[in-house]
Amino acid sequence: MKIFAGKTILIFTMTLSSITYAANCLPPREFIASPANNGGAYLRVHPTGDYVLYTGGRTSNVEIIDFTKTNDSGAIAPVIIKTPMKNEAYPVEGRWDLIASPYDIKGMSYYSFADFTSAAVENKLTVEPVFSDRTHNQFYHSSAELPGGKKGNYDFRTTLWMDRWTQDYSVSIDAAGKREIKTKGARYQICENLFAPLKIAGVTEVADIRTQMAGLSNEYLNLQNTSTPAVLARRQEIQTLLSPLQQRLAHLVPSLNQLTLSKDGTMLAGIPSNKSTTHVYKIKENGECELVKDLGIRTSKVSFSYPYKNELPMVTYNAEGNAANNYVRGVYLYDLQTDKSFPISTAAAESASYPGFTKDGRIIYKAIDADRKAGFVRADAVSIVTNGAKCATKASASTPETQKKYENNDPSRFTQ
Amino acid sequence: MLTKLPLNIFIIIMLSGNFLFAKGKIARKVSRDPSSAISTNAACKTESDRLISSLTSSKKLIKVQADATDKEVFRLKTESPSKWLEIHYEKSLAPKVYEISNEKIIEHNFDSHCKAKQKISSGFDFSKSYPDKQMKFVNDAELQNLMGHNRKGIIYVWSPSMVYSVKFLKRYRDAAKELKVDFISLLDPRASDTDQHMIATELGTPETNLKLNSVNLFMLGGTEHFPTMFVFKNGVVSEEMLVGVYDHDSIVSKINQLTGSGL
């Protein structure tokens, strides 16, 4: 009887699902021809899937591709928004309120994403950053909003590649939309307990080298405003002394390559330089880390899915092909909870960029089709993974409740 | 796997899947199933292991992304740097073993009696998939000539699709010059004509006309990120790479470390 009742519910659910399916169907893979191909492979995906942030290969200029416009026949007509950002600018993942663009004149400059999509701003190339940090500034960085944010204030974290230097920030937004951004505490080296632990052999040497380097660097900075022959000679000498120390340090302490923070800034993925596979770490409150998963394979820079409430997230990345698929580079999804990976792309459109997740479980990546034409693929991972690549209902972004949360930049959408 | 479950449990899973689906998450309807079991439990395991042992003495399997779920793919070096093995394991099936070189790809299959059969096809060659008459595709034999037999140097693999690999080519070339070792730059084999022309103009360097087509560099991971730096010594390429743009001292440190070792 219970089973019978269950069957009835199942049939009812499937019927309901079919009705929604017909009304609101997403193709499993949608190829959007690109208006221009500036060659870059560095892509980050907006939570709604309506925009991607894209660093050109030919220059370091960063563009935003806007997918919200359609042509007369109803097809998506991507619009390129040129920006003053450069150097693999990276969004503060989460609500995408800010974009972090390194090596600006003022340092790491944080721009308001809304300034680039606002109709009120005519020349987007003239947009000014809302905040800059001269100290915490480097490329290969990653930024993410931390849990607990509200509409008017939130905290975020930016982690740099070199030595995993990390800075947390707090943002307050007043009623007029003006932001006040402050550093929150001192910079720290995230996951230092795993990369330069204090209790392994050779660590005394690491600590000694760092002390020596800090002393020399401080002395160098203090001499910067003087240019007598003696001072110039000493500066030259300091540089000569620093070089072998840095070389020794590079040998002793591995780096975390291709690092990426999770969408809520509480996890970190990357490839330790002394290993050859992608690792995922959980970041503790004190900045120490613990290993969550070694994927066992080398991947590109990953993009995390938006977090699940009590389960591990998924990651998407691209990876090389093999003899069975004629070495076509593909996009994959790896479920950290179940240790399963799924192909997302097909040979018809080879992956040509890092992929990224949207909030509703789609994956977007740049692709090259069989005619060597560039475009973007919006793949519905929900239907590919769980529905056998059949067209599925549009996910959470289509519900009025979630749309409202997006419009209000409501961070509670993280914990649906 | 789901079909083996009692119907009521199956229904609960389906319903919870729908629930997650409606919330916009990707439903997880698979339970934890360590994929390493796929290669361990493969059919014709004894025969395939014997075949692999006959092709290489190396035991260092490098796991790489498989092109399908419930599949595992491994790379394995052979005694010749210009030939690698790929071993493909699929659930409940006999493995496929591929011998990969620029000259040919030999696919070894096993029939229902675990008897091995061969299929030979054309070799690993990016110039066929990404033709480009203006560029020279450097295969393993040509790379060997470039490296020589008693020299030291670095191989810098770069791509116009990753801007830093273009911007910082000079830093690596200067480091090689400073250490008096050779510098070989190879371009991403998938780079488009348009990008190459632009970069050739911008850099004006002769390096731009060589594209990677080496099985060895590919299998070691040379096309997964740009720039990637390999070190070579006496005609042997390091298995260790420097991935991404490093500062001058780290580059020098790595070159010294690897050229000072037996690689």
Residue check, A:LEU249 closer than 30 Å to A:LYS282 by Cβ and in contact with a Pro (Cβ under 7 Å, 6 or more places away or on another chain):
no
The condition from (1) surrounded by fewer than 21 Cβ atoms within 10 Å (Cβ to Cβ); (2) at the interface with another protein chain (Cβ under 10 Å from one of its Cβ atoms) that A:GLU285 misses is numbered (2)
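To keep it simple, each residue is scored yes or no on (1) acidic (Asp, Glu); (2) crowded, with 16+ Cβ neighbours inside 10 Å.
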{"residue": "A:ASP168", "(1), (2)": "yes, yes"}
{"residue": "A:ALA175", "(1), (2)": "no, no"}
{"residue": "A:LEU194", "(1), (2)": "no, yes"}
{"residue": "A:HIS251", "(1), (2)": "no, no"}
{"residue": "A:ASP264", "(1), (2)": "yes, yes"}
Within segment A:348-386, of all residues that are of a type in the set (S, T, N, Q) and over 20 Å from the mean Cα position of the chain (by Cα), the one surrounded by the fewest Cβ atoms within 10 Å (Cβ to Cβ) is A:THR386
Considering residues that are closer than 19 Å to A:ILE344 by Cβ and not in a strand (DSSP E or B), the number found within segment B:52-77 is 6
Quick one: is B:ASN256 assigned to a helix (DSSP H, G or I), at pLDDT below 90 and either in the same structural domain as B:ASN139 (by TED's automatic domain parsing) or under 30 Å from B:LEU76 (Cβ atoms) (or both)? yes
For B:LYS59, the lone unmet condition from (1) surrounded by 16 or more Cβ atoms within 10 Å (Cβ to Cβ); (2) more than 16 Å from A:GLU320 (Cβ to Cβ); (3) within 18 Å of the chain's Cα centre (by Cα); (4) at pLDDT below 95 is (1)
Filter segment B:171-199 for residues that are surrounded by fewer than 16 Cβ atoms within 10 Å (Cβ to Cβ) and modelled with pLDDT under 90; the one that is nearest to the other protein chains (Cβ to nearest Cβ) is B:THR194
Reported set for segment A:150-186 where residues are closer than 16 Å to A:SER112 by Cα, within 17 Å of the chain's Cα centre (by Cα) and among the hydrophobic types (A, V, I, L, M, F, W, C) is A:PHE156
When restricted to B:ILE100, B:ILE120, the only residue aliphatic (A, V, I, L, M) and more than 10 Å from chain A (Cβ to nearest Cβ) is B:ILE120
Flagged in segment A:230-249 as within 14 Å of chain B (Cβ to nearest Cβ) and either surrounded by 19 or more Cβ atoms within 10 Å (Cβ to Cβ) or touching a Leu at 6+ places or on another chain (Cβ under 7 Å) (or both), in numbering order, are A:ILE238, A:LEU241, A:LEU242, A:GLN247, A:LEU249
Restricted to segment A:124-135 and to residues being part of a loop (DSSP other than H, G, I, E, B) and at pLDDT 95 or above, the residue surrounded by the fewest Cβ atoms within 10 Å (Cβ to Cβ) is A:GLU128
Per the filter on segment A:344-357, residues part of a strand (DSSP E or B) and in contact (Cβ under 8 Å) with a residue 24 or more places away in the chain are A:ALA349, A:SER351, A:GLY356, A:PHE357
Only one of A:ASP155, A:ASP163 is in contact with an Asp or Glu (Cβ under 8 Å, 6 or more places away or on another chain), more than 22 Å from A:THR83 (Cα to Cα) and surrounded by 15 or more Cβ atoms within 10 Å (Cβ to Cβ), namely A:ASP155
Inside segment B:214-261, the number of residues satisfying the requirement of being without any contact (Cβ under 8 Å) to a residue 12 or more places away in the chain and either more than 8 Å from chain A (Cβ to nearest Cβ) or in contact with a Phe, Trp or Tyr (Cβ under 6 Å, 6 or more places away or on another chain) (or both) is 2
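The values are calculated or read from the model by the stated rules, or taken from the named source; none is laboratory data. Because the structure is a prediction, the values reported are computed rather than measured. Neighbour counts are summed over all protein chains in view; Cβ atoms, including those assigned to glycine, are modelled from backbone coordinates with ideal geometry.
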